[in-house]
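To start, the structure under review is shown below, and the notes come after it.
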Amino acid sequence: MDYLGSRNYIHRDLAARNVLVENERTVKIGDFGLTKSIKDNEGYYTVKDENDSPVFWYAPECLTHCKFYLASDVWSFGVTMYELITYCDSSKSPMTLFLGMIGRTQGQMTIIRLVKVLSEGKRLPRPEGCPEHVYELMRRCWENMPERRITFKRLVEELTAMQQQQQPQNDL
């Protein structure tokens, strides 16, 4: 995702369903159907049609202004981390949990209610067994203002550091 962002591409549909696992150390991002190139001078993409969107993975600015930034993909990355940590258990899916917060709705009312709970600061809860520092990293992806969110570059640094701390130390 850091690479895509460095090339001025916004994925717009980052979710576990679009992450392909090649092996233990390599994953690939798939389904580029919603991907858009952004202009250097604008820094965001504006949706111009009414196609269905994965709203429960979207940042507030996507829902309210139909604007997608690199920081919007960071938000979706946090939701994707949540999915991976819960092993994509459908009873703990972002859609299931957010619908539990907003109630059953359809169409635009879903977006209106979702925006309301997000503006109140409500976020996905810490998954059972998830270390606090990992959940805090997800929360940094879910900052309300795009400019306050952690960047993919910083996410790479912090996740790499976490991974290195988990590896057994060889006594030489």
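The values are calculated or read from the model by the stated rules, or taken from the named source; none is laboratory data. Nothing here was measured: the structure is a model prediction, and the numbers come from that model. Cβ coordinates were reconstructed from backbone atoms using ideal geometry, including for glycine residues, and neighbour counts include every protein chain displayed. Remember, those area values only see protein heavy atoms, side chains included, never the ligands or the DNA or RNA. Shrake-Rupley method; radii C 1.70, N 1.55, O 1.52, S 1.80 Å.
Summary of values
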item	result
Test: residue in the range 93-103 that is open to solvent by less than 30 Å² (accessible area, probe 1.4 Å), modelled with pLDDT under 90 and touching a helix residue (DSSP H, G or I) at 6+ places or on another chain (Cβ under 7 Å)	no
Subset of the range 54-86 [small (G, A, S), in a helix (DSSP H, G or I) and open to solvent by less than 10 Å² (accessible area, probe 1.4 Å)]	S72, S76, G78
The range 104-124 - residue that is open to solvent by less than 60 Å² (accessible area, probe 1.4 Å) and not β-branched (V, I, T) and, of those, farthest from L155 (Cα to Cα)	G107
Condition broken by M109, with the remaining ones in (1) over 27 Å from R25 (Cβ atoms); (2) at pLDDT 95 or above; (3) of a type outside the set (F, W, Y) satisfied	(2)
Some residue of the range 104-117 being touching a Pro at 6+ places or on another chain (Cβ under 9 Å) and more than 17 Å from T64 (Cα to Cα)	no
